[in-house]
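The values are calculated or read from the model by the stated rules, or taken from the named source; none is laboratory data. Small disclaimer: the values here were computed from a predicted structure and weren't measured. Cβ placement follows ideal geometry from the backbone for every residue including glycine, while neighbour counts extend to all protein chains displayed. Ligands, DNA and RNA are excluded from the accessible area calculation, which covers all protein heavy atoms including side chains. Shrake-Rupley method; radii C 1.70, N 1.55, O 1.52, S 1.80 Å.
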Amino acid sequence: MTTTDSAAPSSAAAEAVTREARRRRTFAIISHPDAGKSTMTEALALHAEVITEAGAVHGKAGRRATVSDWMDMEKARGISITSAALQFAYDEYVVNLVDTPGHSDFSEDTYRVLSAVDAAVMLVDAAKGLEPQTLKLFRVCKARGLPVITVINKWDRPGLDALALMDEIYREIGLQPTPLTWPVGIAGDFRGVLERRTGDYVAYTRTAGGATRAPEERMGPDAALARAGVDWTTAVEESELLAADGADHDQDLFLDGITTPVLFASAISNFGVAALLETLIELAPPAAPFSYGDADAAGRRAHTREVSEPFSAFVFKVQAGMNTAHRDRVAFARVTSGVFERGMVATHAQTGRPFATKYAQAVFGRERTVIDTAYPGDIIGLVNATALRPGDTIFLQDPVMFPPIATFAPEHFAVATSKDSSKFKQFRKGIDQLDSEGVVQVLRSDLRGNQSPVLAAVGPMQFEVAQARMESEFGAPIKLEMLGYTQARRTDAASAATLASVRQVEILARSDGALLLLAPDRWRMTAIERDHPDLVLEPLLAGDS
Ligand code: G4P
């Protein structure tokens, strides 16, 4: 604790905040598109009591429009780019499910979201196993040190063998799966699960359309054998095989990212959803304090803002034009310490300016509700927070500034020019806005001038978003001319002077001040590194490798 001034919270208040933080579980679901993330979100909400927005979660037909209707492109492709948080109560706990974009082109966005959660649920389609986007996002979780709970979904449909799926997880991502439940019946014939901790059989009963919580019936081994016969025996044998292999849950190994508890589910039939909620409550860590200050070689930071200290929050996402009804700019922040009270005037760490929090909202899809109070782990949407950027900190009393969110290495580059030269003012405003939200990275050089900045992206779909928004929101349609670079390294001014004379490369400045060297391919970049071992050429965070 570093609270020393007179306005420091009393110890009773500090204890109350700590209690609130302990009953918070803040997580995100990572999955490949179509693995069932939206269906699982709905199923979780059905099992719990949605706090901030009753009715925010709609059936499939309404969902696409509900979660994100702010851009035609999203509708056309059926993907969700916007993200927000769904909050619900389960038993004594408050669960915050933070939404992540569905498409791999927005993995940098997902990375930012994952900086705001304490755990991730990796949803795997039983028929498809680990898919590219799941793998990519898993690596992000690993880089962030997030514990991962795995859910094998769609077990009601024919799919892969359960043991083979466990092997695949271990082989592909090096996490030791430690199943908490084991399916009784093969994929496509989902009767229930063997709960490995108790040895009980939890039998599921299908309900029409999966519209209500599926009834569960718990029984001991004898009754299970009588009910499920050979399927039960097989499940028991396989579970014993797993135990012999050391595939049993160990909380420390899970928190250290060495093992992943596994559950089998059918989100559409609401099977295994209660087990997921209980696992989140029992095993996922509560709202953790955030660290700041210089990092040591192992990445540990010098200071920690304890959850009981005065209010602070970390902005992980900024989104404008979320839908037609609210054409405004919302900064999403995770409360990291203290109590948030709407109306409080915090300080914006990056500028030192006061920041009024009068318009704080919970945002889930199109639905918004006013937030009056929030605790560590909760997500607040700060409306019209024009000064806030992803990675920023706001705080009360003792100053704190959390480390910025690392940016990914862009792999696609395009020169943007205004289609209509009379719209330059709008063009500039729009480009700056997209830059500050992190929709694309914006690179500039004297050579190219302000009229033709280079947009840099991890995935090309980011360009489509930029183009669509420049036209619809800023009235400044742009032309994009792709450049032949795929590699970027961070350099410094001294090295840039030498690199300026190197063939096939270009040096541009990013708006955060970083100088980037762009090269056409890995081969060329390696050659430059070899020819100039004395120059600064730092790799950027790889979203993709
Ligand atoms: P996403 O958000 O991860 O992209 O996936 P989403 O929930 O939209 O689910 C993708 C498809 O998979 C949907 O089918 C959904 O109904 C189906 N699905 C999700 N969970 C399960 C499950 O546990 N079992 C089965 N059998 N299917 C599941 P769709 O054909 O795209 O839509 P719909 O017409 O079936 O609603």
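Put a dot 7 Å past the Cα of A298, heading toward its Cβ, do the same for L135, and the two dots end up 3.1 nm apart. Once the mean of 1/r is taken over each pair of separate Cα atoms and inverted, the chain shows a Kirkwood hydrodynamic radius of 24.8 Å. Take the Cα of D372, step 7 Å toward its Cβ, do the same at A223, and the gap between the two points is 4.5 nm.
Over the chain, DSSP H runs of length four or greater, each weighted -39,500 (n - 2.57), average out per residue to a 222 nm ellipticity of -8000 deg cm²/dmol. Rounded to whole numbers, the Karplus 3J(HN,Hα) couplings from phi for segment 169-176 are 4, 5, 5, 7, 10, x, 8, 7 Hz, using 6.51 cos²θ - 1.76 cosθ + 1.60 with θ = phi - 60°, and x at Gly and Pro. Packing order of peptides 368-375, 91-98, highest average first: 91-98, 368-375 (average count of other Cβ atoms within 10 Å over each peptide's residues).
First measure r as the distance between the Cβ atoms of T386 and I258, then evaluate 1/(1 + (r/R0)^6) with R0 = 41 Å and state the FRET efficiency to the nearest 0.05.
Numbers: r = 43 Å, r/R0 = 1.05.
Efficiency, from the Cβ-Cβ distance: 0.45.
Taking packing as the residue-averaged number of other Cβ atoms within 10 angstrom, the listed peptides 346-355, 394-403, 280-289 run from highest to lowest as 394-403, 280-289, 346-355.
Rounded to two decimals, what ratio of Rg to Rh does segment 412-539 give with C-alpha atoms and a Kirkwood Rh?
Numbers: Rg = 15.1 Å, Rh = 15.1 Å.
A ratio of 1.00.
Could you give log10 I(q)/I(0) at q = 0.13, 0.21, 0.25 Å⁻¹ for segment 365-462, computed by the Debye formula over C-alpha point scatterers of equal weight, without solvent? With one equal scatterer per Cα and no solvent, log10 I(q)/I(0) is -0.67, -1.18, -1.39.
Order the peptides 293-299, 409-415, 428-434 from the highest to the lowest mean number of other Cβ atoms within 10 Å of their residues.
409-415, 428-434, 293-299
Per residue, the convex hull spanned by the alpha carbons of segment 290-395 comes to 100 Å³. Think of a 1.4 Å ball rolled over the protein heavy atoms: segment 290-395 then has 39 Å² of accessible area per residue.
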